Amino acid sequence: MIRAHGVGVSYGPVRAVSDVSLTIAPGLTVLSGPSGSGKSTLLRVLSLVERPSVGEVFVHDRPTSGLSWAQLRSLRRKEIAIVFQNPSDNLISHLTVGENLRAAGAADLSILDRLGLGGSGTWRIGALSGGQQQRLAFGCALARGASVVVADEPTSQLDVRSADLVLETLASLPVPAVVASHDPRLVELADLCVPLVAS
Ligand SMILES: Nc1ncnc2c1ncn2[C@@H]1O[C@H](COP(=O)(O)OP(=O)(O)OP(=O)(O)O)[C@@H](O)[C@H]1O
Ligand SMILES: [Mg+2]
């Protein structure tokens, strides 16, 4: 589990994130707020891509500020799966759906049924819609064995219907997920909503 305590991020005079404390608990955590309120910055800090200017991020109750960049990277690879906004950034385009899942560590392809992608194991990635690609991306995130899934605006490039199906997938993940989004429907689905304000 990931926990932030008193986290702040400044870029020179710009205060991107101020004094955030939160625990990424089982279920869906949504970071909401207007453009520039620090959602993406906070996600980068929670996923150990960036260090906070102040405060501490704990992974399984262990502080991370004393770790080297190499240690942070290996902890991230083990514990955290990141799903990007652009569907094609999350998958290996020259592999099939099934090969993508196996490359991520899946022992079999049974998860495809749960993702609403049953029977697509031999399809090329290019044959999937953007929404199907995002659902597969969440499947690959699970196959990697991550203890937390992190996603920045995962539905922003999708039409409403595709986005709905991705939201269903997100709300039913068996591991904690933390998502930054403007999407009010996602806020409704959240177990915990963290509203950020632009400063
Ligand atoms: N690497 C950086 N260097 C300097 N300023 C940055 C950097 N990253 C973010 N910022 C600034 O920090 C603030 C928060 O940005 P951030 O991208 O986290 O907001 P956001 O809530 O994700 O916005 P959006 O909804 O538009 O994606 C903004 O003022 C932004 O300009
Ligand atoms: Mg952002």
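Values in this text are rule-based calculations from the coordinates and carry no lab data. Source: prediction; values computed, not measured. A quick note on method: Cβ atoms are made from the backbone with ideal geometry, for glycine too, and the neighbour counts reach across all protein chains shown.
Observations on the structure shown:
- In the range 158-194, the residues that are surrounded by fewer than 20 Cβ atoms within 10 Å (Cβ to Cβ) and in a helix (DSSP H, G or I): Val160, Arg161, Ser162, Asp164, Leu165, Glu168, Ala171, Pro184, Arg185, Val187, Glu188, Leu189
- Looking across Glu56, Glu79, one residue alone is more than 16 Å from ligand 1 (Cβ to nearest atom), surrounded by 16 or more Cβ atoms within 10 Å (Cβ to Cβ) and among the acidic types (Asp, Glu). It is Glu79.
- Residue that is farthest from ligand 2 (Cβ to nearest atom), among those in the range 26-45 that are part of a strand (DSSP E or B) and among the aliphatic types (A, V, I, L, M): Leu28
- For Val197, the criteria (1) surrounded by 18 or more Cβ atoms within 10 Å (Cβ to Cβ); (2) part of a loop (DSSP other than H, G, I, E, B) hold in every case but one, which is (1).
- Positions within the range 86-98 being out of contact with any Ser or Thr (no Cβ under 9 Å at 6 or more places or on another chain) and either within 20 Å of Thr155 (Cα to Cα) or surrounded by 12 or more Cβ atoms within 10 Å (Cβ to Cβ) (or both), in sequence order: Asn86, Ser88, Asp89, Asn90, Leu91, Ile92, Ser93, Leu95
- Boolean, Thr23 is away from ligand 2 (no atom under 16 Å from the Cβ), under 13 Å from Val148 (Cβ atoms), of a type in the set (S, T, N, Q) and not in a loop (DSSP other than H, G, I, E, B): yes
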